[in-house]
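Everything on this sheet refers to the single structure shown next.
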Amino acid sequence: MESTHSYTLPVPPQRAWDALSDAQVLRASIPGCDHLVADGEEAFAFAVNTSLDGVKARFTGHMRMIRGEAPRACTLRFESEAGSEAGAVGSAHLELEADGEASTTLSCVSRSSTNGTGGAVMKVADEFVKRFAAHVTSDGAGAESDAPLPGDPSVQHAAVAESAPTGKGAKSWKAWKA
């Protein structure tokens, strides 16, 4: 599985890069994260509560930053530890490109394995990038792990809201964005 996203952040690239190693920003960016602790250099252990196809689940795992061209590119690798599906892997390759002096284009390619929990890892990776963009854009003051998006959403956030699920997934989406 693979998905591509691009966001415009109203901050310089260095500020966005610094936020990628800030545990508070990371915790606020991982949807449903109730536990995040350092686990080695540029690595974190996390626990996430989520819902997959209406079934509530708790996933534990690790996230590690693999530096590419610091401070321009890196890959965040997410690994779950979910029962018999242990080792499901997802990643988000992030590139930060200056767009003027005070703006950054954040490009992301998310990938996941296709085994049983690959979809969950992909969901976490995709939502992580969306929430990270929202957090950095809003300056993230006082953000918690499931803090709502800023009240005045950017064009990217409006696009996310427009693509919100209807029918079966609408209830959980409304709870997330509320």
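Below are the figures for this structure:
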| quantity | calculated |
| --- | --- |
| Pick from the stretch 1-23, criterion of a type outside the set (Gly, Ala, Ser) and farther than 16 Å from THR137 by Cβ, ranking: farthest from the chain's Cα centre (by Cα) | MET1 |
| Single condition PRO31 does not satisfy, out of (1) part of a loop (DSSP other than H, G, I, E, B); (2) more than 20 Å from SER112 (Cα to Cα) | (2) |
| Failed criterion for GLY90 (all others in (1) modelled with pLDDT of 75 or more; (2) surrounded by fewer than 23 Cβ atoms within 10 Å (Cβ to Cβ); (3) within 17 Å of the chain's Cα centre (by Cα) hold) | (2) |
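The values are calculated or read from the model by the stated rules, or taken from the named source; none is laboratory data. Note that the structure is a prediction, hence the values are computed from the model and not measured. FYI the Cβ positions are ideal-geometry reconstructions off the backbone, even for glycines, and counts take in every protein chain you see.
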